[in-house]
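One structure is given below, encoded as structure tokens.
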Amino acid sequence: MKSRVTIVLGLQWGDEGKGKILDVMASEADWVLRAQGGNNAGHTVEIGGEKFVLHLVPSGILRAKVSCLIAGGAVVDPAGLVKEIEGLAKRKIRTQGRLFLAEQAHLVLPQHRAVDQGSEKKRGLAKIGTTGRGIGPAYSDKATRVGLRAGELALPAAELARRLRERVAAHNRAASSQGWEKISATKTVREIEKAARFLRPYLADGVTLAHRAVAGGKRILIEGAQGTFLDVDHGTYPFVTSSHCTAGGACTGTGVPPTAIQRVVGVLKAYTTRVGGGPFVTEDGTLGHLLHGMGREFGSTTGRARRCGWFDAVLVRRAVQLNGVTEMAITNLDGLDGLEKIPVCVGYRFEGKILHEPPVESSDWARCRPVYRVFEGWCEPTTEARHWKELPRRARIYLAAISQMVGATIGIISVGAGREQTFRHG
Ligand code: IMP
């Protein structure tokens, strides 16, 4: 049977508008699988003026006929997930029987948040700017093979409590010397046991579920979180998250093999943003001021104002290569509507040379200066466009140039937060 699996992931530093694109694409999907990351993500979807922000639950949950899986590559804060499911229930979104939590997924526990926040404090000015949700320490425990997995939430209460107490005791022994806050074992056991009772009906073997869906010819979307340059291997290390946000991570995280992937949709903004520290060659305070003044570009997880800059073709070209992008979905075009001139970075000036590939070291990357090609702005709203031909001529020139520079075709264009403000190219 022909595979119908599509990966949808971010080509920049996250917040590209994946939630919105996934929601639109989910109208033609049977399954949405979240591959990696945790509740550091914030996927925003607006439906009829109503706003939904999802952190762990795949965006497909907002489409009644779609089933969703939080796959084994994700890390799950049990209490956070319960809160998210309860929030959906209050808004009449049913999750029972259509949302599954892979037993393979690792748990984010209170001590992970303490380590994350304590370590950031210790780094001072050199901090990474994490979301403080315990993501790095949870992946760290996974890699050192001392993590607890979601499947363990189904253990008899006494055994689960024993395992939790053991991990909290290990944390508390190291806490003082490391500058981490100590954690109450009793409180942890109470919190996790309560969440475990709630989450047990959602537990499933994620790999078997995913493979049944593939074998059954179901239309599957694999939902990426964060973005290519937050990938722990391919991002601006160490200013990255701790998971694999690239296409390879989508396969590892879900257990769906690379040979089953039919399409890779790379989501990107018409400009660039990032939250947290790290190099950002095209960062521009004036553009940031303008976008923040429009009420745009505030983080949906932490509320932080995002750093803003011009489109960086060097960055996105690398992302297209890394992910094997078959088409791009470009969002937030309307953010550029009022500008007379729109620079695009076509190369990096570094130590007297022009680079067309990003440097390996973040410290070198931070010393690169942008080489810009400046486009004429269209200075009219794009928000009412519903077809390529309805876009201003200069907007079409801008998009066509970007597509050519990065080496991937544009499949989808988004000109606003609403479902209806999305259309296919051509
Ligand atoms: P962590 O994932 O909380 O460890 O944060 C590491 C870096 O990734 C920080 O710069 C965060 O701001 C960034 N980050 C993590 N998740 C997201 C996301 O969903 N969107 C944008 N940035 C993110």
Equivalent ellipsoid, the stretch 1-64 (semi-axes from 5 times Cα gyration tensor eigenvalues, Å):
19, 16, 11
Relative contact order for the stretch 182-303 using alpha-carbon pairs under 8 Å, separation at least 6, rounded to a whole percent?
16 percent
Which Cα, out of Val146, Ser184, Gly129, lies furthest along the positive dipole direction of the stretch 106-199 (beta carbon charges, K/R +1, D/E -1)?
Gly129
Determine which aspartates and glutamates satisfy two conditions relative to Lys121: a Cα distance under 14 Å, and not lying fewer than 8 residues away in the same chain.
Glu181
With the 1.4 Å probe rolled over protein heavy atoms, the stretch 267-424 has an accessible area per residue in Å² of 43 Å²
Among 262-274, 31-43, what's the highest-first ranking by average C-beta atoms within 10 angstrom per residue?
31-43, 262-274
Identify which of Ala260, Ala71, Ala313 has the largest mean-square fluctuation in a Gaussian network model of the chain, with springs joining Cα atoms closer than 10 Å.
Ala260
May I ask for the angle, rounded to the nearest 10°, between helix 393-406 and the longest principal axis of the chain, with both axes built from Cα atoms and the value confined to 0 to 90°?
60 degrees
Partners for Lys90 among aspartates and glutamates (Cα-Cα distance below 17 Å; same-chain residues under 8 apart left out)
Glu46, Glu50
Rounded to whole angstrom, the alpha-carbon centroid of the stretch 324-380 lies from that of the stretch 27-74 at a distance of 30 Å
Helix 206-215 sits off the longest principal axis of the Cα atoms of the chain, rounded to the nearest 10 on a 0 to 90 degree scale, by 50 degrees
Would you mind telling me which residue in Lys341, Lys353, Lys83 has the biggest mean-square fluctuation in a Gaussian network model of the chain, where springs connect alpha carbons within a distance under 10 angstrom?
Lys353
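Please figure out what share of the DSSP beta bridges in the chain is antiparallel and state it in percent, rounded to the nearest 5. Intermediate results must be reported in sequence, preceding the final value.
Values: 25 of 62 bridges.
That works out to approximately 40 percent antiparallel.
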Residue-by-residue Karplus 3J(HN,Hα) for the stretch 317-334, coefficients 6.51, -1.76, 1.60, Hz, glycine and proline x:
4, 5, 5, 5, 5, 4, 9, x, 4, 9, 7, 10, 10, 9, 10, 6, 4, 4
Sorted by mean Cβ packing within 10 Å, highest first, what order do the peptides 136-142, 356-362, 223-229 take?
223-229, 136-142, 356-362
Where does each of 243-253, 7-17 land if you order them by average Cβ count within 10 Å, highest first?
7-17, 243-253
Straight-line reach from Lys218: which lysines have a Cα under 23 Å away, not including same-chain ones fewer than 8 places off?
Lys2, Lys18, Lys20, Lys65
At q = 0.06 Å⁻¹, base-10 log of I(q)/I(0) for the chain (Debye sum, equal scatterers on each alpha carbon):
-0.24
DSSP bridge pairs, the stretch 264-392: antiparallel proportion in percent, nearest 5
70 percent
Once the dipole of the chain is set up with Lys and Arg at +1 and Asp and Glu at -1 on Cβ about the Cα centre, which of Gly217, Ala89, Trp365 lies farthest towards its positive end?
Ala89
The stretch 16-105, accessible surface, carbon-and-sulfur percent (1.4 angstrom probe)
50 percent
Here the stretch 34-39 yields Karplus 3J(HN,Hα) values (6.51, -1.76, 1.60; θ = phi - 60°; whole Hz; Gly and Pro given as x) of 8, 7, 7, x, x, 8
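Measure off, as a whole percent, the carbon and sulfur share of the 1.4 Å-probe accessible area of the stretch 129-233, all protein chains present.
Ligands and nucleic acids excluded, carbon and sulfur reach 52 percent.
Could you tell me what percent of the accessible area of the stretch 267-424 is made up of carbon and sulfur, with a 1.4 Å probe and every protein chain present?
Solvent-exposed carbon and sulfur of the stretch 267-424 make up 51 percent of the total.
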Placing unit charges on C-beta atoms (Lys and Arg positive, Asp and Glu negative, everything else neutral), compute the dipole magnitude of the chain about its Cα centre in debye, rounded to 20.
840 debye
So how far, in whole Å, is the C-alpha centre of the stretch 383-426 from the one of the stretch 175-233?
35 Å
Could you give the accessible area per residue of the stretch 50-152, probe 1.4 Å, as a whole number in Å²?
42 Å²
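The values are calculated or read from the model by the stated rules, or taken from the named source; none is laboratory data. No experiment lies behind these values; they were computed from the predicted model shown. Here Cβ is always computed from backbone atoms with ideal geometry, including for glycine, and neighbour counts include all displayed protein chains. In case anyone asks, the SASA skips ligands and DNA or RNA and just uses the protein heavy atoms, side chains included. Shrake-Rupley method; radii C 1.70, N 1.55, O 1.52, S 1.80 Å.
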